[in-house]
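The block underneath contains the structure these notes are about, expressed in structure tokens.
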Amino acid sequence: AQSVTQPDIHITVSEGASLELRCNYSYGATPYLFWYVQSPGQGLQLLLKYFSGDTLVQGIKGFEAEFKRSQSSFNLRKPSVHWSDAAEYFCAEGYSTLTFGKGTMLLVSP
Amino acid sequence: EPEVTQTPSHQVTQMGQEVILRCVPISNHLYFYWYRQILGQKVEFLVSFYNNEISEKSEIFDDQFSVERPDGSNFTLKIRSTKLEDSAMYFCASLSGGVSYEQYFGPGTRLTVT
């Protein structure tokens, strides 16, 4: 069965600092990978996705993610975090139905 | 920008009661989904729906759950006899069926079973 692991439950980053959220997937073939963000009381908003091609994908709000097959990883990055980025971030995998990780809560300190 | 809508935003019900959660997917989308998120846990797939029938369902989606697309626009999730453990946020999502494979999620319905 597919599984997605997000090893960090909480991460605190200073505003303006860089960010990397980790995600590992289990499915061996070419995965369809996604990062979603959920602000408190809100639904899930897609940040970016990877299906094939360039392994560095750009998303909305200045986020990017890099697919590394050798490490089965799809880590999310942002060079400079803003206070409004504080939210929960979910990595997901799937062709049709999505399998989600448990999420990483990002806290941004002043 | 088109969006998925869900009603109500919050539903409180007593154990054993039936609830219907409603979703209006994006109009030209073909695939529809329900997911749930128990407080503090990850988002879990419940069921997918295509061409007026269930295409896939998880172990969670037992006989107390049903889905329907009654009128070509709404997509509903019915829980026949709610249990305390059904308390969760329920998300509807839709997918166009083209090459994007991007599921658009609604804002969710928080179901509280007392």
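The values are calculated or read from the model by the stated rules, or taken from the named source; none is laboratory data. Bear in mind that the values here come from a model prediction, so they are computed numbers and not experimental data. As a convention, Cβ positions derive from the backbone with ideal geometry for all residues, glycine included, and neighbour counts pool all protein chains shown. What goes into the accessible areas is simple: the full protein's heavy atoms, side chains included, and nothing from ligands, DNA or RNA. Shrake-Rupley method; radii C 1.70, N 1.55, O 1.52, S 1.80 Å.
So what does the Cα-only Debye profile of the range B:5-98 read at q = 0.16, 0.21 Å⁻¹, as log10 I(q)/I(0), no solvent term?
-0.62, -1.09
Put +1 on the Cβ of each Lys and Arg and -1 on the Cβ of each Asp and Glu in the range B:5-98; which of B:T82, B:F65, B:L39 then has its Cα farthest toward the positive end of the dipole?
B:L39
With the calculation restricted to Cα positions, what are the radius of gyration and Dmax of the range A:4-109 in angstrom?
When restricted to the Cα atoms of the range A:4-109, Rg and Dmax are 12.9, 39 Å.
Which of the trypsin sites (Lys or Arg not before Pro) found in the range B:1-109 are in a DSSP loop and have at most 11 neighbouring Cβ atoms, other than their own, within 10 Å? Don't skip to the answer; put the middle values down first.
Numbers: sites: B:R22, B:R36, B:K42, B:K57, B:K78, B:R80, B:K83; in loops: B:K42, B:R80, B:K83.
Those satisfying the criteria are B:K83.
Taking the simple approach of a point 7 Å from Cα along Cα-to-Cβ for both B:S96 and A:T12, what is their distance in nm?
Reported label-point gap for B:S96 and A:T12 is 4.2 nm.
Give me the inter-chain shielding for B:105-111: mean count of other chain Cβ atoms within 10 Å, whole number please. Provide the component values of the computation, followed by the final result.
Numbers: counts 8, 2, 4, 5, 0, 1, 0.
Mean inter-chain Cβ contacts per residue within 10 Å come to 3.
Give me a single rounded figure for A:69-82: the average over its residues of other chain Cβ atoms within 10 Å of their Cβ. Kindly include the intermediate steps, with their values, before the conclusion.
Values: counts 0, 0, 0, 0, 0, 0, 0, 0, 0, 0, 0, 0, 0, 0.
Neighbouring Cβ atoms belonging to other protein chains average 0 per residue here.
Could you check the spin-label model distance between B:K42 and A:T55? Points 7 Å from the Cα along Cα→Cβ, value in nm.
Each label point lies 7 Å from its Cα, and together they span 2.3 nm.
How long are the semi-axes of the equivalent ellipsoid of the protein assembly as shown, defined as square roots of 5 times the Cα gyration tensor eigenvalues? Whole Å, largest first.
On the way: eigenvalues 178, 81, 50 Å².
With the √(5λ) rule applied to the protein assembly as shown, the semi-axes are 30, 20, 16 Å.
Taking the range B:1-79, which GluC sites (Glu not before Pro) meet the DSSP loop condition and have no more than 15 other C-beta atoms within 10 Å? Kindly include the intermediate steps, with their values, before the conclusion.
Details: sites: B:E3, B:E18, B:E44, B:E53, B:E56, B:E59, B:E68; in loops: B:E3, B:E18, B:E59.
Qualifying residues, ordered by number: B:E3, B:E18, B:E59.
Just going by the charge dipole of the protein assembly as shown, with Lys and Arg at +1 and Asp and Glu at -1 on Cβ, which of B:Q14, B:Q103, A:F74 is farthest out on the positive end?
Looking along the dipole axis, the top candidate is A:F74.
Under a Cβ-only charge scheme (Lys and Arg +1, Asp and Glu -1), can you give me the dipole magnitude of the range B:5-98 about the Cα centre, in debye to the nearest 20? Spell out each step's value before the answer.
Working: 8 positive and 11 negative charges, 49 e Å.
Its charge dipole is roughly 240 debye.
Can you find, among A:F51, A:F100, A:G62, the residue farthest towards the positive end of the dipole of chain A? Put +1 on the C-beta of Lys and Arg, -1 on that of Asp and Glu.
The listed residue farthest towards the positive side: A:F51.
Can you pull the mean other chain C-beta count within 10 Å for peptide B:44-51?
That works out to 2 on average.
So how much accessible surface do B and A hide from each other in total, probe 1.4 Å, in square angstrom to the nearest 100? Before the final figure, lay out the partial values.
Values: alone 6560 and 6020 Å², together 11030 Å².
Buried surface at the B/A interface: approximately 1600 Å².
Given an 8 Å cut-off on Cα distances and at least 6 residues of separation, report the relative contact order of chain A as a percent. Numbers along the way, then the final one.
Working: 269 pairs, mean separation 42.0, N = 110.
Reported as a whole number, the value is 38 percent.
Could you give the dipole magnitude of chain A about its Cα centre, charging the beta-carbon of Lys and Arg +1 and that of Asp and Glu -1, in debye to the nearest 20?
Numbers: 8 positive and 9 negative charges, 35 e Å.
About 160 debye.
Between the range B:1-70 and the range B:81-113, what's the alpha-carbon centroid distance in Å?
Measuring centre to centre over Cα atoms gives 5 Å.
Name the residues of the range B:78-102 whose accessible area falls by at least 20 Å² when all protein chains are present instead of the chain alone, probe 1.4 Å?
Flagged in the range B:78-102: B:F91, B:S100, B:Y101, B:E102.
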